[in-house]
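Visitor: Could you have a look at this structure, given as structure tokens, before my questions?
The values are calculated or read from the model by the stated rules, or taken from the named source; none is laboratory data. None of these values were measured; they are calculated from a predicted model. Cβ: placed from backbone, ideal geometry, glycine included. Neighbour counts: every protein chain shown. Surface accessibility is based on the protein's heavy atoms, side chains included, excluding ligands, DNA and RNA. Shrake-Rupley method; radii C 1.70, N 1.55, O 1.52, S 1.80 Å.
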Amino acid sequence: MSLIPSIFGGRRTNVFDPFSLDVWDPFEGFLSQANAPANKDVAAAKVDWRETPEAHVFKADLPGLKKEEVKVEVEDGNILQISGERSSENEEKSDKWHRVERSSGKFMRRFRLPENAKVDEVKASMENGVLSVTVPKVPEKKPEVKSIDISG
């Protein structure tokens, strides 16, 4: 199983996860960095998704973004969408750029939530460039057990 992430572009997501909407691109990394789109890093915002007994917790690295530049939405009742845009730096005519590595542009990540997600109670917060989204889970119903007296 440890070979799968390296084959599929070094992602930490599970390729067999039915809830992930990430699509494997067989040509990813085929072009040189010089030909890559300028917003590739932003478009590929890194997101961790962990499940606790109480909730699904998403953490997204969005360095340099303010909470006003990020949107968290639930679409179609079970699709969590995290999107936003990083503005490009203002260029001055007198400036001489030696290197531009920070990316700008729009990004969007989408995740299919499982049926046990309480989408009406989603909470999001942002601190130090890390977006945290918590989606509470519906508590599991334990089967009701009724004791029956044995006569005789």
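Visitor: Say whether the condition of being more than 19 Å from M126 (Cβ to Cβ) and open to solvent by 50 Å² or more (accessible area, probe 1.4 Å) is met by at least one residue in the stretch 78-86.
Guide: yes
Visitor: Answer with yes or no whether K96 is open to solvent by 100 Å² or more (accessible area, probe 1.4 Å) and under 18 Å from the mean Cα position of the chain (by Cα).
Guide: Details: open to solvent by 100 Å² or more (accessible area, probe 1.4 Å): yes; under 18 Å from the mean Cα position of the chain (by Cα): no.
Judged against the criteria, K96 is not a match.
Visitor: When residues of the stretch 109-152 are filtered for being part of a strand (DSSP E or B) and exposed (fewer than 13 other Cβ atoms within 10 Å of the Cβ), how many remain? Step through it out loud before you land on a result.
Guide: Filtering the stretch 109-152 down to residues part of a strand (DSSP E or B) leaves 109-112, 117, 123-127, 130-137.
Filter again for exposed (fewer than 13 other Cβ atoms within 10 Å of the Cβ), leaving 123, 125, 127.
Within the stretch 109-152, residues that are part of a strand (DSSP E or B) and exposed (fewer than 13 other Cβ atoms within 10 Å of the Cβ) number 3.
Visitor: Go through the stretch 88-108 and give me each residue that's free of Cβ contacts under 8 Å to residues at least 40 places away in the same chain and either part of a strand (DSSP E or B) or in contact with a Ser or Thr (Cβ under 6 Å, 6 or more places away or on another chain) (or both).
Guide: S88 - this is the single residue of the stretch 88-108 that is free of Cβ contacts under 8 Å to residues at least 40 places away in the same chain and either part of a strand (DSSP E or B) or in contact with a Ser or Thr (Cβ under 6 Å, 6 or more places away or on another chain) (or both).
Visitor: Turning to a different aspect of this structure: Give the number of residues within the stretch 117-152 that are farther than 29 Å from E68 by Cα and not small (G, A, S).
Guide: So the answer is 12.
Visitor: Something else now. Looking only at the stretch 66-77, count how many residues are more than 13 Å from A124 (Cβ to Cβ) and either assigned to a loop (DSSP other than H, G, I, E, B) or open to solvent by 80 Å² or more (accessible area, probe 1.4 Å) (or both).
Guide: Number satisfying all stated conditions: 3.
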